[in-house]
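J.: One structure is given below, represented as structure tokens, and several questions about it will come after.
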Amino acid sequence: MKTSQSRSHPLPSNEELLGHIRLLLDRPEDDLQAAIMKELLAGTLRLHDSHLDVLDLKIVNRAVKELRHAFRVFHDYRDRQKISIFGSARTATDDPNYEMAVQFSRQIVQAGFMVITGGADGIMRACQEGAGRENSFGVNIMLPFEQGPNRTIADDPKLVTFKYFFTRKLIFQKEANAIALFPGGFGTHDEGFEILTLAQTGKSDPQPIVCLQAPGCDYWDEWYAFVTRQLLARKLINPEDLSLFKIATSVDDAIDEIRTFYRRFHSMRYVGRQLALRLKAGLSPEQVAGLHQSFGDLLSEGTFEQCAALPEELDEPALAHVPRLVFTSNRRSASRLRQLIDHLNRL
């Protein structure tokens, strides 16, 4: 029996597949995209030699399909900043956090961001009502309850539905320039702690992470008390890890936290052992010199230097003109790196 996938997208014939493979193999050796595609093709062929179960193959196949489709949906919006927003699907419309989510999304769109939510009800629906359909992405999950798309994003081309949580989480993180967390249940904590873990371990680039609660709500206050009492007091996290996020009780504070993060900081890139922080505005020689005393623990050798784009960065011509703060990073503390970025933004 044919699957719905095969009915809507018939498999190419053997001759067509061989034609595509020949075109790929004929591409120049220095074509990086072609080299990666060849590696993917070789890896796929090795799956056959691994004698995997059919279920294992189905997982690989479905994961690749989900990611391929999601990457294609987001591709045309790659130059727009985006914020991933998490919160309960069960939040009622008369909950103050619902209205806060509407207002926050409306204002963050005015600040130039697009909004990514799980596309379901509650906080997710509130955020997409505030942002509007044209500025919204839905990253939905197939569940037997709760997760049907809300009316704002339903049938929109920017709605992507996933079978697997791990592919969905990857898109939430990969496409986001900022994160907002509203009160929620197990799912919100799962997503929030994973976001914090990626930030703490340096597996994601630094970004603002804001926990919003309406005035009079103590949701994140109680969560913070748990984190400090059980994690920090037991030395399971470091004091600087608390710099990775901010609790906001007003929309203005949350927007200000996100705006401030990008006041001077633009992006970053590792080039070998060197870390290049791309800046929207340069630093004075005195400001650069002062960094060694305050943030020298981030260095494995040498000191901080302000310079132009490194030769390896010239493959990003749009960023070639912005100044860099370059140093040899010890890569030991992503939380201290976040504190450095906050310091640069406050200068």
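Quick note: the coordinates plus some simple rules give every number you see, no bench work behind them. Model, not experiment: these values are computed from the prediction. Here the Cβ is made from the backbone with ideal geometry for all residues, glycine too, and neighbour counts use every protein chain on show.
J.: Which of F166, F261, F86 moves the most in a Gaussian network model of the chain with Cα springs under 10 Å?
T.: F166
J.: Compute the relative contact order of the chain as a whole-number percentage, counting only Cα pairs closer than 8 Å that sit 6 or more residues apart in sequence.
T.: 12 percent
J.: Using the membrane-span-like helix rule (whole DSSP H runs, Cα extent along the own axis of at least 15 Å, mean Kyte-Doolittle hydropathy at least 0.5), which helices of the chain qualify?
T.: none
J.: So, one more: To the nearest 0.05, how large is the calculated FRET efficiency for F71 and L231 if R₀ is 25 Å and r is the Cβ-Cβ distance?
T.: Numbers: r = 35 Å, r/R0 = 1.39.
After rounding, the FRET efficiency stands at 0.10.
J.: Next up: Between the stretch 146-201 and the stretch 97-142, how far is it from one alpha carbon centroid to the other, in angstrom?
T.: So the two Cα centres are separated by 12 Å.
J.: Same structure again: Using the number of other C-beta atoms within 10 angstrom as an exposure proxy, rank C307, C211 with the fewest first.
T.: C307, C211
J.: Right, something else. Quick query: amide H of Q274 versus all other amide H atoms, modeled in the peptide plane; which residues come in under 5 Å with a sequence gap of 5 or more or a different chain?
T.: Hits under the 5 Å cutoff: none.
J.: To continue, here is another question. Which of A111, A92, A225 ends up with the largest GNM mean-square fluctuation for the chain, with Cα atoms connected below 10 Å?
T.: The residue with the greatest mean-square fluctuation here is A225.
J.: Something else now. If amide hydrogens are placed 1.01 Å from N in the peptide plane, which non-local residues have theirs closer than 5 Å to the one on K82?
T.: Long-range HN contacts for K82: M114, N177, A178.
J.: Here is a follow-up. Can you list the residues of the stretch 249-284 with backbone N under 19 Å from a point 7 Å past the Cα of A35, pointing along Cα to Cβ?
T.: 270-273
J.: Springs between alpha-carbon pairs under 10 angstrom, Gaussian network model over the chain: which of K158, K169, K203 fluctuates most?
T.: Of K158, K169, K203, the Gaussian network model singles out K203 as fluctuating most.
J.: Report, in deg cm²/dmol and to the nearest 500, the calculated mean residue ellipticity at 222 nm for the chain, where each DSSP H run with n ≥ 4 adds -39500 (n - 2.57) and the sum is divided by the residue count.
T.: Rounded to the nearest 500, the figure is -13500 deg cm²/dmol.
J.: Run the dipole for the chain about the Cα centre, Lys and Arg Cβ at +1, Asp and Glu Cβ at -1, nothing else charged, and hand back the magnitude in debye, nearest 20.
T.: Around 300 debye, computed over the chain.
J.: Ok, one more. Taking Cα centroids, how far is the stretch 285-308 from the stretch 4-70 in Å?
T.: 46 Å
J.: Could I ask something else about it? How much net charge surrounds V102 when only the other residues with a Cβ under 10 Å from the Cβ of V102 are counted, with Lys and Arg +1 and Asp and Glu -1? Write out the running numbers ahead of the final one.
T.: On the way: positive: R106, R125; negative: E99, E129.
Summing Lys and Arg as +1 and Asp and Glu as -1 gives 0.
J.: Most exposed first by the Cβ proxy, i.e. fewest other Cβ within 10 Å, how do R72, R80 rank?
T.: With the sparsest Cβ surroundings first, the list reads R72, R80.
J.: Ranking I21, I85, I209 by Cβ neighbours within 10 Å, fewest first, what do you get?
T.: Ordered from fewest to most neighbouring Cβ atoms within 10 Å, I21, I85, I209 come out as I21, I209, I85.
J.: Another question, then. Net charge within 11 Å of R336 by Cβ-Cβ distance, Lys/Arg positive one each and Asp/Glu negative one each, not counting R336 itself?
T.: Numbers: positive: R331, R332, R338; negative: E240, D241, D297, D342.
Here the charged neighbours net out to -1.
J.: Pulled fully out, how much extra length does the chain show between D256 and A92, if you take 0.36 nm times their separation in residues and subtract their Cα-Cα distance?
T.: Full extension from D256 to A92 adds 56.4 nm.
J.: Given R₀ = 41 Å, FRET efficiency for E16-L143 by Cβ-Cβ distance, to 0.05?
T.: According to the calculation, E is roughly 0.65.
J.: Take the Cα pairs of the stretch 265-346, get the Kirkwood Rh, then feed it into Stokes-Einstein at 25 °C and 0.890 mPa s and tell me D in µm²/s.
T.: Value of D from the Cα-based Kirkwood radius: 192 µm²/s.
J.: How much of the calculated P(r) for the stretch 4-51 lies past 17 Å, in percent of all Cα pairs?
T.: Tail of P(r) above 17 Å: 51 percent of Cα pairs.
J.: Using only the alpha carbons of the chain, determine the length spanned along each of the three principal axes and report them from longest to shortest in whole angstroms.
T.: If we take the Cα atoms of the chain, the spans are 65, 55, 41 Å.
J.: Continuing with the same structure: Quickly work out the D342-to-S50 label distance, labels modelled 7 Å from Cα along the C-beta direction, and quote it in nm with one decimal.
T.: Spacing of the two 7 Å Cα→Cβ label points: 4.1 nm.
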